[in-house]
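Notes for the one structure printed next.
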Amino acid sequence: MMPHLKPIIEHIRETDNFLVLSHVSPDGDALGSMLAMGELLAALGKRVTLFNESGIPSRFSWLAPKREILTALPENEPDTIIVLDCGSAERTGEVIRPWLASKTVINIDHHLGNPKFGTMNWIEERSSSVGEMVGILSRKLGVPMVGLLGEYVYLALISDTGDFCFNNTRPETLEMAAEILRLGLLPGPFHEQKQSTGTLNQLQMRGEVLRQASLHAGGRVTLIAFTRELFERTGTGPEDTEGLVNTVLYVRGVQVAVSLREEDKGIKFSLRSKGSVNVQAVAALFGGGGHRNAAGGTLEVPMGEAKATLIRAVTEELDRA
Ligand SMILES: [Mn+2]
């Protein structure tokens, strides 16, 4: 059923010293799958180091992981690097990249078009999240998803499925969630912790962005934009934009939401779509990536030009569908 899984399981059983990492600017799946993999390997008695070039974003500070997450190269060199939720080798960041060429790399991911940059690759495009894949590994390796391991897998599941609302929520996903609840996780307190992490500044900044949301393509596209001026004026930052793009799909008749964010290198864009509209194809036009209903990338142009370019590309995709 999963031919790529067997050698990975054998390698994990036979090896001792691991470095586990996930993509820069981590989301709930990147953090959840990495922390879960850390717990899983520790439960197997392995030495494990966690690494994420960006560290933990402030909205996840409630996680307070007991295992340290390094942002610089560790002194102790691992035998094997497990790369999680990275659609390409570039997503691992700058710091660790030289090591990817010289060590055994296990690439576990669910992004469309992952180029299989690992020594071993397990890519499941249909999997809700990489956390779900780590959960499958836990089962195969005989480690029950109790305590922190269960919490971290659950965080990954709810993050990438939009709290089990997106189409990537499969029966297998809910069965894994059910397994974790049976083993003791309480969803109420967990969701409260996850959701109540904001500040008034963030709320007001988001309000301002929503007030300026605009409709395009005959009401099929909504667009929101975050400028550096706005961040400076409201005492907020790029990490405070998370999730707002999903909110603007709320408008009746809208099929695609576009979110733009001004950064040093240009404009970072996020796209969300409903149903069969493929925004991954749009992101790929500009060197970006992602999934059918959630994708993104960067445009090295000013804000006004980024708006026009993306509205045109998204409209063409909608007209084709
Ligand atoms: Mn993911």
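The values are calculated or read from the model by the stated rules, or taken from the named source; none is laboratory data. Keep in mind the model is a prediction, meaning the values are calculated, not measured. Positions of Cβ are generated from backbone atoms using ideal geometry, with glycine treated the same way; all protein chains shown enter the neighbour counts. In case anyone asks, the SASA skips ligands and DNA or RNA and just uses the protein heavy atoms, side chains included. Shrake-Rupley method; radii C 1.70, N 1.55, O 1.52, S 1.80 Å.
Send over the semi-axes of the chain's equivalent ellipsoid, whole angstrom and largest first, taken as the square roots of 5 times the C-alpha gyration tensor eigenvalues.
Three semi-axes, in Å: 33, 21, 20.
Along Cα→Cβ, 7 Å out, is where each label goes; now give me the distance between the ones at Asp16 and Thr119 in nm to one decimal.
Placing both labels 7 Å along Cα→Cβ, they lie 1.6 nm apart.
About the Cα centre of the chain, how large is the charge dipole given +1 on each Lys and Arg Cβ and -1 on each Asp and Glu Cβ? Please answer in debye to the nearest 20.
The calculation lands at about 640 debye.
State in Å² the accessible area per residue of the stretch 37-116; use a 1.4 Å probe, count heavy atoms of protein chains only, and round to the nearest integer.
It amounts to 44 Å² per residue over the stretch 37-116.
With a 1.4 Å probe and all protein chains left in place, how much of the accessible area of the stretch 200-320 comes from carbon and sulfur atoms, in whole percent?
Within the stretch 200-320, the accessible surface is 49 percent carbon and sulfur.
Sort 183-191, 15-23, 226-234 for me by packing, meaning the mean count of neighbouring Cβ atoms within 10 Å per residue, highest on top.
By packing density, highest mean first, the sequence is 15-23, 226-234, 183-191.
Given a 1.4 Å probe and heavy atoms of the protein chains only, how would you sort Glu192, Glu172, Glu262, largest accessible area at the top?
Glu192, Glu172, Glu262
Sorted by average packing, counted as other Cβ atoms within 10 angstrom per residue and highest first, what order do 243-256, 208-221 take?
243-256, 208-221
What would the Debye equation give as log₁₀ I(q)/I(0) for the stretch 5-195 at q = 0.09, 0.10, 0.16, 0.18 Å⁻¹, counting only Cα atoms as equal point scatterers?
Taken in order of the listed q values, log10 I(q)/I(0) reads -0.28, -0.35, -0.95, -1.24.
Would you kindly state how much longer the chain becomes between Ala64 and Arg47 on full extension, computed as 0.36 nm times their sequence separation minus their alpha carbon distance, in nm to one decimal?
Length difference between fully extended and current span is 4.1 nm.
Defining a contact as two alpha carbons under 8 Å apart and six or more residues distant in sequence, what relative contact order in percent does the stretch 15-57 show?
With pairs under 8 Å counted, the relative contact order is 56 percent.
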